[in-house]
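Just so it is clear, none of the values below were taken in a lab; they were calculated from the coordinates. These figures come from a predicted structure and were not determined experimentally. Neighbour counts run over all protein chains shown; Cβ positions are idealised from the backbone, glycine included.
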Amino acid sequence: MKKKKPDHILLLVTGMIIFLGLFVLASAASVGSDVRFLQQVLLGFVPGAFIAFILFKTPLSVIQKWAPYALLLNIFFLLLTFVPFLSVAARGATRWVSLGPISFQPTEFLKLTFILYLASWLINKTKTGRRKVSMPFKETLLPFLVVALLVGGMLVLQPDISTLVIILFTACVVYFSAKTPLWHSFVILFSGLASFALLIRLAPYRLSRIISMFNPDLDPLGGTYQLRQILIAVGSGGILGRGIGMSVQKFGFVPLPSTDSIFAILAEETGFLGSILLLTLFFIFFYRGFLIAKNNTSGFARLATLGICFWIFIQTSINIGVMVGLLPVTGIPLPLISYGKSHLIAELAAIGLLLNMSQYTRK
């Protein structure tokens with residue numbers, strides 16, 4: 001099939017999200033570490049845009065062929081987080097790898113490589129069409145569970161439960177979308193929920209976060225301090241906000257204002273209207289992405305696009321859900337906006353793939 005022009009609306013919306021995010025990041029990062037803005041641009045956006053362009057130009061057949069090897073390489077880097085002289089610990093977790101002057105977070109790239117691997121593997125095991133009633137357990141569900149257990153085990157040991165939730169939910173969506181038997185998806189979902197309950201049982205602080213979500217006044221100077229300050233920032237923005245750069249809560253009140261809590265700073269400085277603008281841009285992004293998946297002529301591209309869109313969707317939903325008190329506090333960056341070079345590079349790479357796949361749609 002002859003290639004079409006890439007989805008310019010998706011590209012425009014992505015650019016607008018990044019542009020808005022850079023304004024807020026410049027404000028949030030001005031407190032304490034003003035070099036973060038330059039790092040985000042020079043070490044995050046620039047290499048991310050370059051990788052996105054390479055993936056945009058790469059034939060889908062090549063991406064599909066090399067997807068399993070990309071996952072293996074990613075798992076190798078994950079293993080390096082357990083090597084003392086190569087790993088970097090921060091906030092009680094060892095999620096970073098340092099190789100000389102380069103440091104990065106392998107789990108951020110795992111979100112993309114795992115999606116591409118699943119799409120490549122599943123399209124070879126299943127064919128598009130009517131949903132299958134039965135499939136060989138040893139050829140589909142069992143290998144999926146083994147890989148998920150391997151990846152999940154490494155994330156639990158770091159620990160990085162929030163990333164684990166995103167990856168497993170996204171993997172379940174991709175697996176279901178490949179028209180595998182419904183009972184397979186129920187087994188995966190039940191296994192995931194049971195594992196999540198076990199993880200809460202093993203670490204009481206996770207349960208305390210959930211309890212704090214329902215009662216922010218429970219421990220205002222301790223466990224609920226972060227949530228209370230976030231809600232104050234979001235609420236104090238009003239309709240129009242205080243103005244770009246005029247946040248008060250970023251001065252030592254809201255923890256991690258340029259990373260996990262950047263939406264609170266955006267809401268404070270741009271108000272309800274700025275928050276709605278950002279949500280609208282993300283909604284258009286998801287809508288264009290799902291259209292690419294729906295109208296794609298390639299089975300691999302359809303599954304990969306669905307996985308990428310759901311990954312960005314659930315990560316955005318969790319981050320903003322935390323900021324408005326609907327979900328327990330967790331360390332999830334806001335896609336394309338929060339400070340963090342690794343996640344920005346991975347997300348820009350994913351967008352390069354989406355633009356590539358948009359060239360193979362029927363409409």
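Here are the numbers for this structure:
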{"quantity": "Between the stretch 317-334 and the stretch 340-363, the alpha-carbon center distance in angstrom", "calculated": "24 Å"}
{"quantity": "Separation of the L72 and I232 label points, Cα + 7 Å toward Cβ, nm", "calculated": "5.3 nm"}
{"quantity": "Cα-based Rg and Dmax for the stretch 1-114, where Dmax is the largest Cα-Cα distance (Å)", "calculated": "17.3, 53"}
{"quantity": "Spin-label model distance (nm) - K65 vs K4, 7 Å beyond Cα toward Cβ", "calculated": "2.7 nm"}
{"quantity": "Fewest-first ranking of H8, H184, using other Cβ atoms within 10 Å as the exposure measure", "calculated": "H8, H184"}
{"quantity": "For the stretch 74-121 versus the stretch 1-27, the gap between their alpha-carbon centres in whole angstrom", "calculated": "26 Å"}
{"quantity": "At R0 = 35 Å, FRET efficiency that the Cβ-Cβ distance of S103 and F272 yields, to 0.05", "calculated": "0.40"}
{"quantity": "When each of K3/K57; K3/K294; K65/K294; K65/K138 is checked by Cα-Cα distance, pairs over 19 Å", "calculated": "K65/K294; K65/K138"}
{"quantity": "Full-extension gain in nm, I51 to Y225, via 0.36 nm per residue minus C-alpha separation", "calculated": "58.7 nm"}
{"quantity": "Relative contact order (%) - criterion: Cα under 8 Å, at least six apart; region: the stretch 1-108", "calculated": "10 percent"}
{"quantity": "The chain, relative contact order in percent, only Cα pairs under 8 angstrom and at least six apart counted", "calculated": "30 percent"}
{"quantity": "Estimated inter-spin distance, W183 and Y287, nm [label 7 Å along Cα→Cβ]", "calculated": "4.0 nm"}
{"quantity": "Length added when fully stretched, A89-L12, from 0.36 nm per residue minus Cα-Cα", "calculated": "24.0 nm"}
{"quantity": "Max mean-square fluctuation residue, GNM over the chain, Cα-Cα springs under 10 Å, options L12, L141, L202", "calculated": "L202"}
{"quantity": "Residue order, fewest to most surrounding Cβ atoms within 10 angstrom, among E269, E139", "calculated": "E139, E269"}
{"quantity": "Farthest toward positive dipole pole in the chain [+1 Lys/Arg, -1 Asp/Glu at C-beta], among C309, L279, P333", "calculated": "C309"}
